[in-house]
Structures are given as C-alpha cells and as structure tokens.
Amino acid sequence: MKLYYSPGACSLASHIALAEVGAKYTIEKVNTKTKEIASGGDFWKVNPNGYVPALEIAGGEVLTEGPAILTYIAETHPAAKLVPATPLERARHNSLLNFVGSELHKAFSPFFSDKPEGAAREKALAKLKARMGHIERQLADGRTYLTGSQFTVADAYAFVVAKWSRFIDLSLDEWPHVKAFVDRVAARPAVQQAMREEGLL
C-alpha cells in the first residue's frame, strides 16, 4: 500500500493505523499547496479533490477520505482490533470517528484557511471548544481511549486533530482528559514510528 500524506495533517491518522496493524506500506509526501508529489508527479491525478490522505491499494485503486481509509485499514487487519467487534460497539465507534471528521476536524479549518481575527476568531474558537468538550466528556469516565480500553482508529484521528491545538496557541489544559489522552497516544510505539517517518520527531 502507498499512503499519500502531508506531515502532521489528518493523513497522519492513516499513517498511524498502517503502523499499528503492521502493514507493508510506503509513503509519498505531498505539497498540499502546489499539489506536487515529492518524488515527482501531480497529486491532482491521484486524488481529484486535491487533499490528503489518499491510499493506493492492490490493483492500483486509490481510496480517499480519512474515515473510509481508516475503516479499510482496520477491517482488512482484524487481528489488530482497531474497530470494535460487535455491531453496536462498532456503531458507537463510527459515531465518534465521524464526529472527529465532521465536527472537530472542521472546527479547526477556519484557523488554517481564513485565520480569523477579533469577533470572528472568538466565534470560531467557541465552536472549536464546544467540540473539544465533547471529546473531554467521552474520556471523563476514566476511559483509556474513546471507546474504552482498546485503541481504535477513532483514537488515531482524534489524537492527530487534538494536537493541532498547538498550531493555534490553544492550550489543552482546559480539557485535562484530552490532554492526558494525547500524551498517552503519543507514547504508543506505532504512533512514534509514524511521526518519525513524517519527520515530526
């Protein structure tokens, strides 16, 4: 498998998942501004939407959209248990995975695109804090990870997005359970591997 990524972007979650399951993979760095692939080539031809992650699988098919890629990696490597086993547990997990993608991730978007100031920043920050609060409540009952004691792809995604707080000078001290969660996930060997491979350590 070949993962197209940008260091520290949401594609890091897919990178972590690949490392967690022990998959054989290569990585291709993408300049998300110029859409150039570091080794040569036009990323638009890989993913017409122009953003990472993109995962090339056997047969040359390319999968896009982070939650879909994370689910594919988890479900094709069931021994790693990166998604829960039962339908109900899986539904709860998918709810969290989709929340991270559609709510928490998107709440950071204004800070990376428009760079709001004044009242606009405060409004965007309030929305982001509300979304972070949901993750805090999910972890507040003593859970090690979002769904309990088992690390899942939802945790990989939440970890990556929560760490973006440092890019906008947002301290995680307001959410102590999230802060502890980020530190806990960061210590996992597969996470360390993926971050080293992206030049983040």
### Task
Taking only protein heavy atoms into account and a 1.4 Å probe, give the accessible area per residue of the chain in Å².
49 Å²
### Query
Tell me, what is the percent relative contact order of region 1-72, built from C-alpha pairs under 8 Å that lie six or more residues apart?
35 percent
### Query
Top to bottom by accessible area (1.4 Å), largest first, where do PHE112, PHE43, PHE167 land?
PHE167, PHE112, PHE43
### Task
Could you list the trypsin sites (Lys or Arg not before Pro) in region 1-99 that lie in coil according to DSSP, counting only those with at most 10 other Cβ atoms within 10 Å of their Cβ?
LYS24, LYS33
### Query
Is any helix in the chain, taking whole DSSP H runs, at least 24 angstrom long along its axis by alpha carbon and on average at least -1.0 on the Kyte-Doolittle scale, and which ones?
118-139
### Message
Given the DSSP H assignment, sum -39500 (n - 2.57) over each helix run of at least 4 residues in the chain and divide by its residue total; what's the result at 222 nm in deg cm²/dmol, nearest 500?
### Response
-15000 deg cm²/dmol
### Query
What fraction, in whole percent, of alpha-carbon pairs in region 1-50 exceed 18 Å separation?
28 percent
## Note on the structure
Counting only DSSP beta bridges fully inside region 1-123, the antiparallel percentage to nearest 5 is 70 percent
### Message
Cβ neighbours within 10 Å, averaged per peptide: list 101-109, 138-146 in order, most packed at the top.
### Response
101-109, 138-146
### Task
Holding the Cα-Cα limit at 32 Å, pick out from LYS33/LYS81; LYS29/LYS123; LYS29/LYS81; LYS24/LYS129; LYS24/LYS115 the pairs that are longer than that.
LYS33/LYS81; LYS29/LYS123; LYS24/LYS129; LYS24/LYS115
### Relative contact order of the chain, pairs being alpha-carbon contacts under 8 Å that are 6 or more residues apart, as %
24 percent
### Message
Starting from 0.36 nm per residue, how many nanometres of slack lie between LYS81 and ASP183 once their C-alpha separation is accounted for?
### Response
34.6 nm
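The values are calculated or read from the model by the stated rules, or taken from the named source; none is laboratory data. Treat the numbers as computed from the prediction; the structure is a model and nothing was measured. Note: ideal-geometry Cβ built from the backbone for every residue, glycine included; neighbour counts use all protein chains shown. Just the protein is used for accessible areas: all its heavy atoms, side chains included, with ligands, DNA and RNA removed. Shrake-Rupley method; radii C 1.70, N 1.55, O 1.52, S 1.80 Å.
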